[in-house]
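> Here it is, the structure, as structure tokens.
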Amino acid sequence: METIVATVDKNMDNEKKYKQAVDILKSGEVVAFPTETVYGLGAIATDEKAVQKIFAAKGRPSDNPLIVHIGHQEEVSNYATGITPEAEKLMAAYWPGPLTLVLPKIPGVIAENVTPGVDTVGLRMPDHPVALELLRTLRKPLAAPSANRSGKPSPTEASHVYEDLKGLIPLILDGGKTGVGVESTVVDMTTTPPAILRPGGVTKEMIESLIGPVQVENKVSDEKAPRAPGMKYTHYAPEAPLYLIGSESDTIGAAIASLHNEGKKVALIGPDELDNPEADWFFAIGSKEDHEAMAANLYRALRQCDLTDADVILAVETDLTGVGAAVMNRLTKAADGKRYKD
Ligand code: TXA
Ligand code: MG
């Protein structure tokens, strides 16, 4: 299959490109498109056969629920019930935006393979002009996980999608680099209090300021049966082992010296301020004060590590306030929970 990359930007006549995307989706195929978090691989969420093509292209198991994207807030009641006043408040404040709400699903509307084994549905309204225009032209919901091959970091640029899915999907809408850079915050609204299942751009602080205390699911160390089936999958792991490490330059310097002694090459991911010229590769992801920048640049840095011949990757920890929680959640998964110890 030939994969077309169609650039959509403000200075172009984009109507034909949206029409092409809509025609492909209506024919039961998949299309990759930008959102404000990461690129998504979309299929019409009521079309079971089309949704099956998402799993095939990604090479991902099909027992993990997918997020359903909508173009207008009012559509929520077509797919979900039990919309609490708290859910209403969150939608009013943070939609469109990087927030997915898990709500009781109305049976028989969304295809079974979008929400396998659960009686809920995760819904979100993305805050990206291309995603919104696509949804509003299509006038149907899109099931869309990140548009990467399973086992790779989520794509934050159209070129990442092309690298992973070239020949496997018919169309990529290229809307440039995404903004937030990590996947949306997922909040389960069916428990009391609601639970953050995955941290993202809408932070715990932002949620609690509106609806009071919420629970936080600690996916990395949680031994219980997972509430979100996605939790049981090991996430992206770079080719070289990745270790978390504290932010002091001396600690990092000592770790690099010791790894060099063992004949190992080291890639370092961390804030701009780091001063460790002894690292063989350094991927700066933003100022240490700027968690948003770190989130925006993290997945590209992980992809860049895989292009080096580093034997070990060290990733510098950040604090858990604000979007720092999402950055640490993704890094901890990439490290499989490992911290560097000499
Ligand atoms: O930012 C994002 O959310 C991106 C972009 C493309 O919009 N999409 C994304 O979708 O990350 P996806 O389908 O990969 O997210 C699936 C994860 C599941 O692994 C699970 O953690 C949670 O979202 N999820 C979705 N539906 C759920 C449900 N009904 N119950 C519990 N968790 C659910
Ligand atoms: Mg993903």
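The values are calculated or read from the model by the stated rules, or taken from the named source; none is laboratory data. Computed from a prediction, not measured in an experiment: that's the story for all the values here. Methodologically, a virtual Cβ is constructed for each residue, glycine included, from the backbone with ideal geometry; neighbour enumeration extends over all protein chains shown.
For every residue, the table says whether it meets (1) free of Cβ contacts under 8 Å to residues at least 60 places away in the same chain; (2) more than 21 Å from D119 (Cα to Cα); (3) in contact with a Cys (Cβ under 6 Å, 6 or more places away or on another chain).
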site: L25; (1), (2), (3): no, yes, no
site: V31; (1), (2), (3): no, yes, no
site: T35; (1), (2), (3): no, yes, no
site: G40; (1), (2), (3): no, yes, no
site: A43; (1), (2), (3): no, no, no
site: K49; (1), (2), (3): yes, no, no
site: Q52; (1), (2), (3): no, no, no
site: A57; (1), (2), (3): no, yes, no
site: P65; (1), (2), (3): no, no, no
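> Need the failing condition index for G200 against (1) among the small types (G, A, S); (2) within 27 Å of E133 (Cα to Cα); (3) within 16 Å of ligand 2 (Cβ to nearest atom); (4) surrounded by fewer than 24 Cβ atoms within 10 Å (Cβ to Cβ), just the number.
With (1) among the small types (G, A, S); (2) within 27 Å of E133 (Cα to Cα); (3) within 16 Å of ligand 2 (Cβ to nearest atom); (4) surrounded by fewer than 24 Cβ atoms within 10 Å (Cβ to Cβ) applied to G200, the lone miss is (4).
> Sticking with this structure for a sec: Quick check, is A293 in a helix (DSSP H, G or I), small (G, A, S) and farther than 19 Å from I196 by Cβ?
yes
> Moving on to the next point. Given P104, P129, which one is surrounded by fewer than 17 Cβ atoms within 10 Å (Cβ to Cβ) and farther than 24 Å from G201 by Cβ?
P104
> For segment 255-277, state whether one or more residues are touching a residue at least 60 places away in the same chain (Cβ under 8 Å), in a helix (DSSP H, G or I) and not polar (S, T, N, Q).
yes
> So, one more: Looking at K166, K204 in this structure, which one is farther than 20 Å from H69 by Cα, in contact with a helix residue (DSSP H, G or I) (Cβ under 7 Å, 6 or more places away or on another chain) and of a type in the set (D, E, K, R)?
K204
> Out of (1) assigned to a loop (DSSP other than H, G, I, E, B); (2) at pLDDT 95 or above; (3) not β-branched (V, I, T), what's the single condition that is false for F283?
(1)
> Find all pairs meeting these conditions: Cβ atoms under 9 angstrom apart; at least six residues apart or on different chains; first residue within segment 136-152 and touching a residue at least 40 places away in the same chain (Cβ under 8 Å) and not assigned by TED's automatic domain parsing to the domain that holds K17; second residue within 16 Å of ligand 2 (Cβ to nearest atom) and part of a loop (DSSP other than H, G, I, E, B).
none
> Determine, yes or no, whether V51 is crowded, with 22+ Cβ neighbours inside 10 Å and either under 18 Å from V202 (Cα atoms) or not assigned by TED's automatic domain parsing to the domain that holds K140 (or both).
no
> Restricting segment 138-167 to residues that are more than 14 Å from ligand 1 (Cβ to nearest atom) and within 25 Å of T115 (Cβ to Cβ), which is surrounded by the most Cβ atoms within 10 Å (Cβ to Cβ)?
Among residues in segment 138-167 that are more than 14 Å from ligand 1 (Cβ to nearest atom) and within 25 Å of T115 (Cβ to Cβ), the one surrounded by the most Cβ atoms within 10 Å (Cβ to Cβ) is L138.
> Sticking with this one: Which of the residues belonging to segment 125-169 are among the charged types (D, E, K, R) and farther than 12 Å from A45 by Cβ?
Answer for segment 125-169, where residues must be among the charged types (D, E, K, R) and farther than 12 Å from A45 by Cβ: D127, E133, R136, R139, R149, K152, E157, E163, D164, K166.
> Take the conditions surrounded by fewer than 16 Cβ atoms within 10 Å (Cβ to Cβ) and of a type outside the set (G, A, S) and apply them to T35. Does it pass? Walk me through how you get there before you give the answer.
On the way: surrounded by fewer than 16 Cβ atoms within 10 Å (Cβ to Cβ): no; of a type outside the set (G, A, S): yes.
For T35, the condition - surrounded by fewer than 16 Cβ atoms within 10 Å (Cβ to Cβ) and of a type outside the set (G, A, S) - is not met.
> Right, another one. Would you point out the residue of segment 139-153, among those that are within 13 Å of ligand 2 (Cβ to nearest atom) and of a type in the set (D, E, K, R), that is nearest to E239 (Cα to Cα)? Before the answer, list the steps.
Going residue by residue through segment 139-153, those that are within 13 Å of ligand 2 (Cβ to nearest atom) are 143-153.
Those left that are additionally of a type in the set (D, E, K, R): 149, 152.
Numbers: R149: 14, K152: 10 Å.
Within segment 139-153, the match that is nearest to E239 (Cα to Cα) is K152.
> If you don't mind, another one. Within segment 113-131, is there a residue that is over 23 Å from K10 (Cβ atoms) and among the small types (G, A, S)?
Looking through segment 113-131, at least one residue is over 23 Å from K10 (Cβ atoms) and among the small types (G, A, S).
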